[in-house]
C-alpha cells in the first residue's frame, strides 16, 4: 500500500461516513447483532488467522497473551457487540434550542464525528470493540492495529465488511490498513481531509508518538499516575482497603494506584500496616526519607519515581505535611486521570475535589472505578486525560459532535 | 527570551491557572470592570505604544488599518470587557449527576480548561478580547500576538497585569510572550506540560501552521468557503436578498458567502438578476460553463475557484442538476462552516440540513448569522470548523471542560 492508496482509502471512509451517519438506530442495532453472529460462525477462520500471527517468529514473548484469541475471547467480543446494540443511540439527540433576536430558530443536534482513526497495538479485540463503538455512534472507522496482530485484525475487519456488503451497505464504513509500515502510519496521522479524530490506544509510548506526530485532532488517552492521599482524618481500615484495591486488583491498567501520599500526623501509626499488607500482596514498596524512617526497609524512592506510571506491583509512598502540599504534589506529578482522598473531614474532601486538577476526583472510594462500564456508560472507547472534547471515561457520546440546524424565513444580517 | 524562559513562563501560567480557577464569579466580574477602567485611564499610553508599532518601517500597508488603535477602538475594548462581566459564569455549573451500581455518587461539574494559549496576528484588540474571555471562564492565558502589534499588545497586557497585582492577585493569570520569534512560537506550540489548548486566530495560513506544528491540542477556527444553494422551490427575491447579504455585507469574514449553487430548472430565470445585482454591489462574478451560457460575460471559474475562500468581493456560481449534487458538492468543497439552502420545499430543507456536514446549516437565512453574538452567547472566542470539543461559534462554555466529582463511603472494585 502506498500513500495514494491511503488517500483513496481516506476518501472512501469519508463517503461511507455519510451513509452510516444517516442510518437509523434499528438498522445499526441489527447490524451489530449480525457482526456478533458472524464472529461466532467464523470462529475457525479467526483462530486460524490468529495462529498465523502467533507463529510469527519475531513476536516478543510478552505480547503472546494479549495477542492470543480463544473461543472465550471471541465469545466476549460477540457479547460486546450485542451489548452495544442494547445501548441508547446518542445520534440525533437534541441538546438544546432557542430563538435568536433576529427570529431564527436554532436547534443543537448531536451528529457523528464522521471518520474516526484508531491506532492500537497488539490486542486484536480492539478491532471489534472500536469498530462496534464507532458503528453504533454513526461513524466510519479506519483501523490501524499493531503488526503483531495483523492477520487477526484483517480477518476480524473483513468479517464485519462482509456483513455490511451482504446487507447491501457500503463496506467502507469499516476499513483496515493492511500495511503496518511506519511511513504509512505517519501519513495516516496527517489525513486531515478525511479523518475527523484519531484515538490511540495502547502504551504511553504509542500515545505520545501519535500526539507528537499527528496533524489530525487527537484524543489522548490512558496515562495514569494516580495517587491516594491519606488525610489526617482518614479511617485507617478504609485507607488500607482502598490502597490495596487500587494497587493490586489490576496493576497493569491506567486507573490503578501508583503513589500514596500520607499526612505526617498519621503516617507513623498507619504506614507499618499499609506496607506490610502491600508486601503480603506482592507489592514492591518504595518510599521517601520520612517513610524510610517509619519503615526502615522500604526501597528509597528517587526523583523519577514520582512521575512514573509503573503499571506493575510497585508503589511509592511519600509523607506530606498538609493537604495543600498533597494537592500541589498531585497537580504537579499526576497525569490528571484519577485521584483519591481518604478522609472523614468534610472540608478536606471538598477542598481536594475542588483543587485537584483531574478527570475523576474521589472521596473515600477506589480509583479503579474510573471506567465507562462502572460509570454506567455501557461502553468505553478509552479514558481521556486531556481536557478538550471529552475528559475521563469516554462512552458513545464522546464519539459524537453536534451541528446547528437553523431555520429562518428570509433573515439577512443588518 | 529563550526556551528556558518560555518553559518558566508556562509553569507560571499553570500555577496561576489554579488561582483563577478557584476565583468566584463576583471577583472575576469586578476585575473585568477594573480592566476596562484601566484601558480608559491609560488611553494615552496605549495610543503611544500603538504609534510605535505604526511607525515601524517594515509594516505592510494592508496591515495599517487593522493595527491602528483609536479612542473609539479602545472604548470598544472596554465595552467588551464590561459586557463580559454581565454574562453568566459557566464555571461550577453541574451538567449532570447519578449514582452508580456500586453506590458512588458522581457529579459532572464544569471547570476551566486551565491554560489557554492564543496565537494571533495584527489586531491588538484580540489581546483584550482573548484575555477577557479566558479570565471570565476561569483560565490563565498566554498571549502570542503578531510582531506588527508587539508594543500595543505588551502595553495592553501589562495594564491588565497591573490591575491583577494591585488587587493582590497573581499577575501571571495573564501573560504575553514579548519575543515574536518563530523559534519561540514553535516551542510555545509544544508546551504540552503547561498549555491545555491552543487557539489560533487570524489568516488561514496562520491557522494551518498551528494545526501542523502544534503538539498541544488545537481548536481550528475560521476557514469559511460557504455556499448558498438555490433550490428549484426557492423564492427568487429571498434567494437574491440572502446572496447579496452573504456576499457583500462584510466580505472579509469567514461566514460570508463564497459560492452559489443553483438548480438548473431555475437558473435561467434567476441568474441574470442575481449577477446584475452582485455586480451593482461591486462583486466580481465567476461561473461554470452553464452559468456562462446564461450570463455570457461572467468570468470562467477554474478548478481552484471551487475550494477558494476569497474573503473579497468575488463570487463563483455553479449550476447543479439536483439537490443531491449540491449536497455532495458542498460536502466535498466546503469547509464545514456555514451552508445555506433557500427553498420553500419542506423535504428539500430537511434533507439539506440532515445531509450537509457543517457546523451551521441554514434554511432561508443568511450565513452571516454564524456568530457568537448573533447566537446569543454574548461573546465569541472564534468559530470552530472542527468537530472535536466545540463546533461553530464558541462562547465562554467552549473555554471550559468538566471533571467528575465522586463521593463514596469506602467502595472498592470487585
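Determine whether residue A:48 is crowded, with 16+ Cβ neighbours inside 10 Å and part of a helix (DSSP H, G or I).
Answer is no for this residue.
On the given criteria, is residue A:398 out of contact with any strand residue (DSSP E or B) (no Cβ under 6 Å at 6 or more places or on another chain), more than 21 Å from residue A:246 (Cα to Cα) and in a loop (DSSP other than H, G, I, E, B)?
Here the answer is no, as residue A:398 does not meet what is asked.
Would you call residue B:319 in contact with a helix residue (DSSP H, G or I) (Cβ under 6 Å, 6 or more places away or on another chain), without any contact (Cβ under 8 Å) to a residue 40 or more places away in the chain and not in a helix (DSSP H, G or I)? Talk me through it step by step, then tell me what you get.
On the way: in contact with a helix residue (DSSP H, G or I) (Cβ under 6 Å, 6 or more places away or on another chain): yes; without any contact (Cβ under 8 Å) to a residue 40 or more places away in the chain: no; not in a helix (DSSP H, G or I): yes.
The answer is no for residue B:319.
Taking region A:141-169 on its own, how many of its residues are at positive phi and in a helix (DSSP H, G or I)?
Residues in region A:141-169 being at positive phi and in a helix (DSSP H, G or I): 0 in total.
Could you go through region B:373-382 and let me know if any residue there is modelled with pLDDT of 95 or more, touching a strand residue (DSSP E or B) at 6+ places or on another chain (Cβ under 8 Å) and either within 16 Å of residue B:334 (Cβ to Cβ) or not in a loop (DSSP other than H, G, I, E, B) (or both).
No: region B:373-382 contains no residue that is modelled with pLDDT of 95 or more, touching a strand residue (DSSP E or B) at 6+ places or on another chain (Cβ under 8 Å) and either within 16 Å of residue B:334 (Cβ to Cβ) or not in a loop (DSSP other than H, G, I, E, B) (or both).
For region A:345-354, what are the residues that are more than 15 Å from residue B:107 (Cα to Cα) and either at the interface with chain B (Cβ under 10 Å from one of its Cβ atoms) or not in a loop (DSSP other than H, G, I, E, B) (or both)? Spell out the reasoning first.
As a first pass, look at region A:345-354 and keep what is more than 15 Å from residue B:107 (Cα to Cα): A:345-348, A:351.
If the condition is that a residue be more than 15 Å from residue B:107 (Cα to Cα) and either at the interface with chain B (Cβ under 10 Å from one of its Cβ atoms) or not in a loop (DSSP other than H, G, I, E, B) (or both), then A:346, A:347, A:348, A:351 are the ones that fit.
Kindly provide the set of residues from region A:178-197 that are surrounded by 23 or more Cβ atoms within 10 Å (Cβ to Cβ) and within 11 Å of chain B (Cβ to nearest Cβ), ordered by number.
Residues satisfying the conditions are A:195, A:196, A:197.
Report, ordered by the first and then the second residue, all pairs with beta carbons closer than 9 Å, sequence separation of six or more or different chains, a first member in region A:403-414 that is more than 7 Å from chain B (Cβ to nearest Cβ), and a second member that is surrounded by fewer than 18 Cβ atoms within 10 Å (Cβ to Cβ).
What qualifies is A:414/A:102; A:414/B:249.
Being closer than 15 Å to residue B:20 by Cβ and buried (at least 20 other Cβ atoms within 10 Å of the Cβ) is the filter here; which residues of region B:91-116 pass it?
Selection gives B:91, B:111, B:112, B:113, B:114, B:115, B:116.
Identify the residue in region A:375-391 that is more than 8 Å from every other protein chain (Cβ to nearest Cβ) and more than 12 Å from residue A:338 (Cα to Cα) and, among all such residues, is surrounded by the most Cβ atoms within 10 Å (Cβ to Cβ). Write out each step before concluding.
Initial filter on region A:375-391 (more than 8 Å from every other protein chain (Cβ to nearest Cβ)): A:377-385, A:390.
Checking which are more than 12 Å from residue A:338 (Cα to Cα) leaves us with A:377-382, A:390.
Details: A:377: 17, A:378: 15, A:379: 22, A:380: 19, A:381: 27, A:382: 23, A:390: 24.
Here the answer is A:381.
Checking residue A:211 against (1) within 13 Å of another protein chain (Cβ to nearest Cβ); (2) surrounded by 22 or more Cβ atoms within 10 Å (Cβ to Cβ); (3) under 18 Å from the mean Cα position of the chain (by Cα); (4) farther than 30 Å from residue A:27 by Cβ, which test does it fail?
(2)
Would a scan of region B:132-140 turn up a residue that is part of a strand (DSSP E or B) and within 14 Å of another protein chain (Cβ to nearest Cβ)?
Yes, there is a match, as at least one residue in region B:132-140 is part of a strand (DSSP E or B) and within 14 Å of another protein chain (Cβ to nearest Cβ).
Just one of the numbered conditions (1) without any contact (Cβ under 8 Å) to a residue 40 or more places away in the chain; (2) under 30 Å from residue A:20 (Cα atoms); (3) within 7 Å of chain A (Cβ to nearest Cβ); (4) touching a helix residue (DSSP H, G or I) at 6+ places or on another chain (Cβ under 9 Å) is not true of residue B:359; which one?
(4)
What is the residue count in region B:147-156 for residues that are touching a strand residue (DSSP E or B) at 6+ places or on another chain (Cβ under 8 Å) and buried (at least 23 other Cβ atoms within 10 Å of the Cβ)?
The number of residues fulfilling the criteria is 1.
Hey, among the residues in region B:96-128 that are at pLDDT 95 or above and part of a helix (DSSP H, G or I), which one's nearest to residue B:63 (Cα to Cα)?
Of everything passing the filter in region B:96-128, B:127 is nearest to residue B:63 (Cα to Cα).
Search region B:362-374 for residues being more than 7 Å from every other protein chain (Cβ to nearest Cβ) and surrounded by fewer than 24 Cβ atoms within 10 Å (Cβ to Cβ), and hand back the single one that is nearest to residue B:247 (Cα to Cα).
B:371
What do you reckon, is residue B:230 touching a strand residue (DSSP E or B) at 6+ places or on another chain (Cβ under 9 Å) and assigned by TED's automatic domain parsing to the domain that holds residue B:357?
Here the answer is yes, as residue B:230 does meet what is asked.
Sort out which residues of region A:232-269 are more than 14 Å from chain B (Cβ to nearest Cβ), buried (at least 22 other Cβ atoms within 10 Å of the Cβ) and over 24 Å from the mean Cα position of the chain (by Cα), and write them in order of number.
A:261, A:262, A:263, A:267
Out of all the residues in region A:77-95, which are in a helix (DSSP H, G or I) and touching a helix residue (DSSP H, G or I) at 6+ places or on another chain (Cβ under 7 Å)? If you could, list the steps in order and put the result at the bottom.
Start the filter on region A:77-95 by keeping residues that are in a helix (DSSP H, G or I), which leaves A:77-86.
If the condition is that a residue be in a helix (DSSP H, G or I) and touching a helix residue (DSSP H, G or I) at 6+ places or on another chain (Cβ under 7 Å), then A:77, A:78, A:80, A:81, A:82, A:84, A:85 are the ones that fit.
The values are calculated or read from the model by the stated rules, or taken from the named source; none is laboratory data. Remember, predicted model here, so these are calculated numbers, not experimental data. Reconstructed Cβ throughout: ideal geometry from the backbone, glycine too, with neighbour counts over all protein chains shown.
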